[in-house]
Amino acid sequence: AVALSSSFPPGVEPQEVVALCRALANQGRIVYLDTSGAALAAVLRAPPGICIKVNAHEFLDAWGTDGDLLTIARSVLDRGAVAVVITLGAEGALCLTPEGGWKASAPQVEVKSSVGSGDALLAGLATSRLKEESWATALRRGVACGSANATADQPAHFNETLVFALESKVSIQRLGSL
């Protein structure tokens, strides 16, 4: 699996990001993309083989509308994305795939900083999927990792024991017909 996170260096054109993601997916790699702006907008138009993980604001901004998150995510799936994962901050996250959709509610934690929590969520989701766990289980693990990160004094300085404890507090709701 390959994860492309954050901003791309100056001079990298949005279509180059699309081409890179496609080339990796065509080689059989699982591609996770967490970016924003023009690069995300380009990928949303042509996402075959890509798992997109973004926050709700980035997603709507790149799509160019304040529409319904689920409707837009379905459109991206219809264009060939493997999955669309949208983080909702303290509200948790959504995950839509061709197999179905889920909403995870984040556990209540004492937030020290949210910096890096989206990256932590993606790491938890991706490692769970590499173990061939279901999307719902992966979403639960990802939200637990993001929540654990938010409690840490520094980004990415949390332990596995906390993640496992938080997993039991993440509720997963299956979304209706997609």
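Side notes on the structure shown:
- Exactly one residue out of 148, 126, 136, 144 is open to solvent by less than 30 Å² (accessible area, probe 1.4 Å), modelled with pLDDT of 95 or more and farther than 20 Å from residue 52 by Cα, and it is 148.
- Scope the stretch 151-170; condition closer than 12 Å to residue 104 by Cα, surrounded by 13 or more Cβ atoms within 10 Å (Cβ to Cβ) and not aliphatic (A, V, I, L, M); matching residues: 167, 169
- Complete set of residues in the stretch 68-84 that are open to solvent by less than 60 Å² (accessible area, probe 1.4 Å) and assigned to a helix (DSSP H, G or I): 69, 70, 72, 73, 75, 76, 77
- Given (1) open to solvent by 10 Å² or more (accessible area, probe 1.4 Å); (2) assigned to a helix (DSSP H, G or I); (3) of a type in the set (Val, Ile, Thr), number of the condition residue 65 does not satisfy: (2)
- Odd one out for residue 102 among (1) farther than 28 Å from residue 29 by Cβ; (2) in a strand (DSSP E or B); (3) open to solvent by less than 60 Å² (accessible area, probe 1.4 Å): (1)
- Considering each residue of the stretch 121-138 in turn, none proves to be touching a residue at least 12 places away in the same chain (Cβ under 8 Å), under 12 Å from residue 87 (Cα atoms) and of a type in the set (D, E, K, R).
- Count - residues of the stretch 17-58 that are more than 15 Å from residue 75 (Cα to Cα), aliphatic (A, V, I, L, M), open to solvent by less than 50 Å² (accessible area, probe 1.4 Å) and not in a helix (DSSP H, G or I): 3
- For the stretch 105-123, residues that are assigned to a helix (DSSP H, G or I) and farther than 22 Å from residue 47 by Cα total 2.
- Take the conditions (1) within 19 Å of residue 31 (Cβ to Cβ); (2) of a type in the set (Val, Ile, Thr); (3) surrounded by fewer than 22 Cβ atoms within 10 Å (Cβ to Cβ); residue 87 misses just one of them, which is (3).
- Taking first residues from the stretch 147-171 that are at positive phi and part of a loop (DSSP other than H, G, I, E, B) and partners that are open to solvent by 10 Å² or more (accessible area, probe 1.4 Å) and not aliphatic (A, V, I, L, M), the Cβ contacts under 6 Å between residues at least 6 apart in sequence or on separate chains come to 156/116.
The values are calculated or read from the model by the stated rules, or taken from the named source; none is laboratory data. As the structure is a prediction and not an experimental result, all values here were calculated from the model. Quick reminder, even Gly has a Cβ in these numbers, built from the backbone with ideal geometry, and neighbours come from all protein chains shown. What goes into the accessible areas is simple: the full protein's heavy atoms, side chains included, and nothing from ligands, DNA or RNA. Shrake-Rupley method; radii C 1.70, N 1.55, O 1.52, S 1.80 Å.
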